[in-house]
Amino acid sequence: MDTITADKSNQTSDCLACPSCDLVFDISVLQDGEVARCTRCRHFLTIYRADELNHVLAFTSAALIFLVMACSFPFMAFKSSGLESVMTLPETALKLWGYDMPGLAFLVAAFIIVIPAFILILILALTGALKLERHNKWLQPTGRLIFLLQSWSMVEVFFIGVLVSLVKIAKMATVVMGVSFWAYAVFSVLFILATSALDRAQCWRRIEALNKS
């Protein structure tokens, strides 16, 4: 259900400007599950969920567990002509380092492991504080950093690239997907769910409410 009400309130924490056309709306009237879209350009503004923090905490905690699993077990094994090579997820970056490509190795490790893990830890800290309704000075900078870093995470891009590569590699060798491969697949889904479930507008609304309390 789309719900939009033009802003007539003095409570700035309940006001949201459309990022596309700058029309201002009052989002305090949203009920659980209702979506707000701009009446002028139909740009998505926010969706209100009463249990949003519980969903985010669940997705984030599960994603971190599966990421640890993905880094702890074999990712893939290649068999060809009687030879077998086993590779773990961290070794995808270490192999590049060994081929004298430290810059690329750093970027791969950062985009597929370090930055996603850092984002999840920040989300866990932020949503935990919001859930407990504790005001902290670090809530605002943490929120900004989370939404900034989301564009630098390449979790789904990496996994899609792996799937595409499997089509070519399968013609040259027998490929065995390890526990880490399936763990990272689940992690990719959970990571997307965790980041998408954290609504930007509702997050800032909760932070501003704690700042005023």
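Every number here is computed from the coordinates shown, using simple stated rules; none is lab data. It should be emphasised that the depicted structure is a prediction, and the values quoted were computed from it without experimental measurement. Note that each Cβ is placed from the backbone with ideal geometry, even for glycine, and that neighbours are counted across all protein chains shown.
Straight distance only, please: which lysines reach the Cα of residue 137 with their own Cα at less than 19 Å, same-chain residues fewer than 8 apart left out?
Once the sequence-local lysines are set aside, what remains near residue 137 is 212.
Modelled label-to-label distance, residue 29 and residue 208, 7 Å Cα→beta-carbon offset: nm?
With each label placed 7 Å out from Cα toward Cβ, I get 1.8 nm.
To the nearest 0.05, how large is the calculated FRET efficiency for residue 79 and residue 185 if R₀ is 22 Å and r is the Cβ-Cβ distance? Display every interim value, and only then the final one.
Values: r = 21 Å, r/R0 = 0.96.
With a Förster radius of 22 Å, E is 0.55.
Label points 7 Å out from Cα along the Cβ direction at residue 21 and residue 167: separation in nm?
4.1
Answer with one residue from 139, 88, 98: the one whose Cα lies farthest towards the positive end of the charge dipole of the chain, charges on Cβ with Lys, Arg +1 and Asp, Glu -1.
The Cα lying farthest towards the positive end belongs to 98.
Once both labels are modelled 7 Å past Cα along the beta-carbon direction, what's the residue 118-residue 134 spacing in nm?
In this crude label model, residue 118 to residue 134 measures out at 2.3 nm.
Mean separation of Cα pairs under 8 Å and 6+ residues apart, divided by the residue count of the range 52-212: what relative contact order is that in percent? Intermediate results must be reported in sequence, preceding the final value.
On the way: 184 pairs, mean separation 68.7, N = 161.
Normalised by residue count, the contact order of the range 52-212 is 43 percent.
Name the residue farthest towards the positive end of the dipole of the chain from the options 35, 150, 16, assuming +1 on Cβ of Lys and Arg, -1 on Cβ of Asp and Glu, about the Cα centre.
The Cα lying farthest towards the positive end belongs to 150.
By how many nm would the segment from residue 145 to residue 160 grow when fully extended, if each residue of separation counts as 0.36 nm and the alpha-carbon distance is taken off? Walk me through the numbers on the way to the answer.
Numbers: separation 15, 0.36 × 15 = 5.40 nm, distance 2.57 nm.
So the extension gain works out to 2.8 nm.
Give the Cα extents of the chain along the principal axes, in whole Å, largest first.
Between the extreme Cα coordinates on each principal axis of the chain lie 73, 36, 30 Å.
Mind jotting down the distance between the C-alpha centroids of the range 48-97 and the range 122-148, whole Å?
Using only Cα atoms, the two centres lie 25 Å from each other.
How far is helix 139-149 tilted off the main Cα axis of the chain, in degrees rounded to 10, range 0 to 90?
The angle comes out at about 50 degrees.
With +1 on the Cβ of every Lys and Arg and -1 on the Cβ of every Asp and Glu, and nothing else charged, how large is the dipole of the chain about its Cα centre, in debye rounded to the nearest 20? Before the final figure, lay out each step's value.
Numbers: 17 positive and 16 negative charges, 46 e Å.
Here the size comes out at about 220 debye.
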